[in-house]
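Quick notes on the structure that follows.
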Amino acid sequence: CMVEHMAVTMQSRFCRFAPSTRWRNLGVFGMLDETRHAQLDMRFSHDLLKKDPRFDWAQKAFHTNEWGVLAVKNFFDDAMLNADCVEAALASSLTVEHGFTNIQFVALAADAMEAGDINWSNLLSSIQTDEARHAQQGFPTLEVLMEHDPQRAQTALDVAFWRATRLFQTLTGPAMGYYTPLEQRKMSFKEFMLEWIVNHHERILNDYGLKKPWYWDKFLLSLENGHHAMHIGTWFWRPTLFWNPNAGVSKDERDWLREKYPTWEDNWGVLWDEIIDNVNAGRVGMTMPETLPSLCNLTQLPLGSAFSRHELAEHSLTYKGRLYQFDSEISKWCFEED
């Protein structure tokens with residue numbers, strides 16, 4: 001709901017500042033769509049309050065400084081509200097809506113229908129049809145920008161793709177790999193990303209004469225680890241969250257994780273073993289945090305959460321007298337570019 005409200009503002013800026021009359025007219029319809037989406041989210045969450053009071057976060061999230069909310073808000077602040085119309089279209093319409101959310105909404109709607117949740121499936125399908133239309137604003141924008149400033153197009157897409165990846169490692173990754181019941185899992189988060197996101201993004205880059213991001217190999221490495229890091233991190237800092245994260249590391253689930261991620265046991269299993277030993281010994285307090293997480297100044301996600309524990313490294317820079325810390329070399333580069 002928070003993101004939909006932000007999208008209303010972005011579309012209103014398209015109405016006023018977009019460089020063509022057609023785009024400005026599209027902004028009017030987009031603003032109406034995003035307003036409808038926000039109201040749908042609010043109505044659906046309100047109906048669920050009788051099951052869990054935490055659904056009130058649909059309304060109050062925008063007005064809090066809870067760190068998980070800030071990570072989402074930070075990205076969309078930069079992508080929707082701080083960027084000009086051109087870069088907002090590339091980041092939001094092309095990268096996020098076309099490359100990430102549109103595909104996921106189709107899949108989520110199908111899963112909801114299969115599970116018998118008709119209302120949720122209809123809500124997602126209704127929003128997805130609008131998302132598919134909004135996504136089309138990105139392609140003509142990219143085509144025109146490639147004629148005039150291809151390097152700007154390359155940089156804008158590379159920055160948006162990494163930042164969107166980190167966000168969905170937090171939102172979608174744990175849901176697919178840990179929260180979904182084992183018997184209902186159809187693919188791993190990595191398999192989903194490779195089949196639906198990576199291949200699609202590569203085709204877009206090739207079609208428009210763009211190169212793969214310079215960090216491509218590191219991005220693929222992050223697919224092996226980033227969402228596992230975010231999952232164990234959110235579980236450890238569970239007192240600071242507004243949802244109740246599921247550990248999802250039973251024996252059968254660990255077998256599945258090892259099959260999908262051959263390095264999982266060495267990278268993450270040993271950490272969960274320590275947690276399990278403490279829980280079984282009644283030392284639950286040792287599985288609880290004593291501080292808030294140290295966050296990346298770009299993604300607002302915990303430092304060290306982009307890769308495995310074996311790739312931990314310090315990434316920082318001083319800008320205008322202030323020290324900034326980052327979760328990866330890639331995030332540091334994005335900060336320098338923006």
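None of the figures in this text is laboratory data; all of them are computed from the coordinates on show. Bear in mind that the values here come from a model prediction, so they are computed numbers and not experimental data. Using ideal geometry, Cβ is built from the backbone for each residue, glycine included, and neighbour counts are taken over all protein chains shown.
Residues His228, His46, His310, ranked from the fewest to the most other C-beta atoms within 10 Å, line up as His310, His46, His228. Taking other C-beta atoms within 10 angstrom as a stand-in for reagent exposure, Thr299, Thr240, Thr141 fall in the order Thr240, Thr141, Thr299, fewest first. Local charge for Pro53 was computed over the other residues whose Cβ lies under 15 Å away, with Lys and Arg +1 and Asp and Glu -1, and equals +1. Judged by the mean number of other Cβ atoms found within 10 Å, the most tightly packed of the peptides 266-273, 171-178 leads the ranking 171-178, 266-273. The calculated 222 nm mean residue ellipticity attributable to helices in the chain amounts to -17500 deg cm²/dmol, summing -39500 (n - 2.57) over DSSP H runs of n ≥ 4 and dividing by all residues.
Angle of helix 118-135 to the longest C-alpha principal axis of the chain, folded into 0 to 90 degrees and rounded to 10: 50°. Roughly how tilted is helix 21-48, in degrees to the nearest 10 and between 0 and 90, from the longest Cα axis of the chain? Computed tilt is about 30 degrees. Over the chain, what is the relative contact order in whole percent, taking alpha-carbon pairs under 8 Å and six or more residues apart? Relative CO of the chain lands at 14 percent. For segment 139-201 versus segment 74-134, the inter-centroid distance based on Cα atoms is 12 Å. Subtracting the Cα-Cα distance of Asn244 and Tyr179 from their residue separation scaled by 0.36 nm leaves 22.4 nm. Note on Val270 and Glu290: the model spin-label points, each 7 Å out from Cα along the C-beta direction, lie 2.3 nm apart. Once the Cα-Cα distance is subtracted from the 0.36 nm per residue extended length, the Asp111 to Asn25 segment shows a gain of 27.5 nm. Site pair Leu323 and Leu81 shows an inter-label distance of 2.9 nm when each label is modelled 7 Å from Cα along Cα→Cβ.
Using 0.36 nm per residue and subtracting the Cα-Cα separation, the extra length available between Phe17 and Asp338 on full extension is 113.5 nm.
Packing around the peptides 153-163, 47-57, 282-292, 326-336, taken as the average count of other Cβ atoms within 10 Å per residue, puts them in this order, highest first: 153-163, 326-336, 47-57, 282-292. The C-alpha atoms of the chain define a longest principal axis, and helix 270-280 lies at about 50 degrees to it. Taking a ≥ b ≥ c as the square roots of the Cα gyration tensor eigenvalues, with a/c under 1.5 meaning rounded and otherwise prolate when a/b beats b/c, else oblate, which class fits segment 206-338? It comes out oblate by the Cα gyration axes.
Go ahead and run the numbers for FRET between Lys186 and Arg258, Cβ-Cβ distance against an R0 of 25 Å, rounding to 0.05.
0.90
For Phe62, the shell of other residues with beta-carbons less than 15 Å away shows a net charge of -4, using +1 for Lys and Arg and -1 for Asp and Glu. Anisotropy class assigned to the chain is prolate, per the alpha carbon gyration tensor with a/c at or over the 1.5 cut-off and a/b larger than b/c.
Arranged from highest to lowest average of other beta-carbon atoms within 10 Å per residue, in what order do the peptides 131-140, 218-227 appear?
Descending mean neighbour count gives 218-227, 131-140.
Compute the Cα gyration tensor for segment 122-266, then decide on rounded, prolate or oblate, letting a ≥ b ≥ c be the square roots of its eigenvalues: rounded whenever a/c is under 1.5, prolate when a/b is larger than b/c in the other cases, and oblate in all that remain. Prolate is the answer for segment 122-266, as a/c is 1.5 or above and a/b outweighs b/c.
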